[in-house]
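In what follows, a structure is listed as structure tokens, so that the remarks can point back to it.
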Amino acid sequence: MAYSDKVIDHYTNPRNVGTLDKSKNNVGTGLVGAPECGDVMRLQIEVDENQVITDAKFKTFGCGSAIASSSLATEWLKGKTVDQALAIDNMAIVEELALPPVKIHCSVLAEDAIKTAINDYRVKNGLPELEMPKSHH
Amino acid sequence: MLSLPIYLDNNATTPLDPRVLETMMPYLTNVYGNASSRNHAFGWQAEEAVDYAREQIAALINCSPKEIIFTSGATESDNLAIKGVFEMYASKGNHIITLTTEHKAVLDTCKHVEKAGGNVTYLKVDEKGLIDLNELEAAITDKTILISVMYANNEIGVIQPIREISAIAKKHGILFFTDATQAVGKIPVDVEADGIDLMAFSGHKMYGPKGVGALYVRRKNPRVKVTAQIDGGGHERGMRSGTLNVPGIVGLGKAAEIAKQDMEADTKRIAAMRDRLERELTTIEESYVNGSTEHRLPHVSNISFKYVEGEGLMMGVKDLAVSSGSACTSASLEPSYVLKALGLSDDLAHSSLRFGLSRFTTDEEIDFAIGHVKQAVSKLRELSPLWEMFKEGIDLNSIEWAEH
């Protein structure tokens with residue numbers, strides 16, 4: 001199976017690798033996936049007082065497409081408001097990275113990670129938890 | 001000069017030895033007769049070449065040339081052996097014993113037999129990948145007609161105790177078949193000393209061409225028969241019809257001759273390189289060799305690098321052609337059933353790479369591979385949340401992972 005140039009680019013030069021201080025109130029952390037399934041993503045966002053995501057970091061255990069999906073997600077998150085971030089759909093990631101059907105679950109996982117991180121941020125700041133769509137992968 | 005990428009996937013297939021190609025060439029060009037044509041020189045020449053190849057192969061595995069049935073490869077040989085025995089010995093019983101770690105060509109053939117009214121016992125292996133001989137003997141019933149245990153495993157290279165298994169089979173009057181695809185041409189295989197009744201092997205795993213293989217079928221003590229699975233002109237003593245693949249057979253014969261002649265020297269050199277590769281790669285923190293290192297083929301090493309995922313790792317070692325037990329390499333999303341049969345957790349099975357060396361592998365290539373893998377593992381661990389947690393002393397089993 002050949003990878004798209006964009007997947008290779010994100011895999012070779014992953015953007016925003018790292019760790020934010022999860023104890024801070026304005027940091028939301030999403031840890032999704034499972035080691036047994038062969039992919040785990042941790043995605044973190046830092047949000048300012050205007051609900052704008054000022055920083056995003058990730059670490060991913062997984063295949064090239066999983067790494068690329070989470071790397072791309074952090075790029076897209078930065079500068080977006082939390083509400084805009086919630087609208088990111090996994091199919092946009094599929095399209096941008098030209099993921100083949102067997103790799104769609106990587107994009108679903110990235111969307112889950114975004115939503116989980118936002119929920120973590122919301123709960124920390126006394127906002128009600130949003131209902132997570134059931135993922136199918 | 002190092003030529004990239006480096007091929008270290010020799011359990012999948014081996015390159016054709018130039019000496020084999022040279023021997024085959026006349027049979028791909030001028031000598032095109034049908035080995036069954038009895039009435040002219042074209043046919044005689046082809047038949048002579050096939051007979052000679054039969055002798056070369058017989059010499060490698062210590063059998064009579066008459067006991068070699070040519071096929072299209074090991075998958076066909078596995079099918080012919082298992083289905084052929086099941087049908088031929090139906091009046092004696094319908095029970096077959098095999099291993100969970102067999103190649104799919106054996107497992108799927110056994111599934112077919114089950115649908116046809118057969119009973120199959122799939123024995124588990126221990127954490128080293130080895131059969132439990134007591135369990136084998138305990139599984140035998142008065143309906144057992146065949147024990148099918150591979151000589152050496154394709155993913156981890158573990159060699160089964162073939163002589164002990166055949167002794168048990170003999171004691172109970174049961175036929176013993178072995179899929180020896182990974183072993184023939186690599187380690188000494190002797191059907192007499194090993195007590196083998198039927199044995200499958202293939203050309204392209206031993207520097208021969210693809211599309212040709214053989215089934216050894218014992219003719220004496222006992223005389224073994226299999227029901228043909230391909231009907232036609234009655235070739236190969238009626239057990240496998242179809243015009244003989246003369247160039248392929250000539251190639252398999254030459255590959256067998258070279259294997260016999262070079263095995264000792266090849267093995268010494270290849271094993272030294274494999275051991276060095278393994279020694280170096282296991283200096284990487286949290287790396288584990290899968291399967292027995294004591295009973296193992298000389299050219300294989302299967303290593304799990306914990307906290308990195310196999311497919312991601314393969315992408316990182318893009319200048320190496322290796323394979324992984326990771327789910328992502330298959331459509332099924334299930335990690336290697338062989339590694340799981342050793343009791344490996346799914347995450348370790350996902351993190352494995354298989355290195356398969358050949359007689360053409362060089363020290364320079366191994367040096368490169370060592371550096372390349374070390375670098376890739378280290379890079380991916382920097383990206384791995386699991387590695388970070390491990391380093392922080394977090395027990396990954398204590399985390400409630402989302403099912404997906």
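Rule-based calculations on the coordinates, nothing more; no lab input. This is a predicted model, so every value here is computed, not measured. All Cβ positions, even for glycine, are placed from backbone atoms using ideal geometry, and neighbour counts span all protein chains on display.
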So B:Val85, is it closer than 19 Å to B:Ile196 by Cα and either among the small types (Gly, Ala, Ser) or touching a residue at least 12 places away in the same chain (Cβ under 8 Å) (or both): yes
Which numbered condition B:Val308 fails, given (1) under 24 Å from B:Gly185 (Cβ atoms); (2) among the hydrophobic types (A, V, I, L, M, F, W, C); (3) crowded, with 24+ Cβ neighbours inside 10 Å: (1)
Residues satisfying the stated conditions in region B:369-404, i.e. within 7 Å of chain A (Cβ to nearest Cβ) and either among the small types (Gly, Ala, Ser) or under 10 Å from B:Val317 (Cβ atoms) (or both): B:Ser384, B:Ala402
Among the residues listed as B:Lys205, B:Lys210, B:Lys225, the single one being farther than 29 Å from B:Asn10 by Cβ, part of a loop (DSSP other than H, G, I, E, B) and not aliphatic (A, V, I, L, M): B:Lys225
Any chance B:Ser352 is within 14 Å of chain A (Cβ to nearest Cβ), buried (at least 24 other Cβ atoms within 10 Å of the Cβ) and under 25 Å from the mean Cα position of the chain (by Cα): yes
The lone exception for B:Leu281 - which of (1) within 24 Å of B:His103 (Cα to Cα); (2) in contact with a Ser or Thr (Cβ under 9 Å, 6 or more places away or on another chain) it fails: (1)
A:Thr54 out of contact with any helix residue (DSSP H, G or I) (no Cβ under 6 Å at 6 or more places or on another chain) and of a type in the set (Val, Ile, Thr): yes
Candidates A:Ala98, A:Ala85, A:Ala56, filtered to the one that is at positive phi and hydrophobic (A, V, I, L, M, F, W, C): A:Ala98
The lone exception for B:Arg19 - which of (1) in contact with a Pro (Cβ under 7 Å, 6 or more places away or on another chain); (2) farther than 29 Å from B:Arg218 by Cβ; (3) charged (D, E, K, R) it fails: (1)
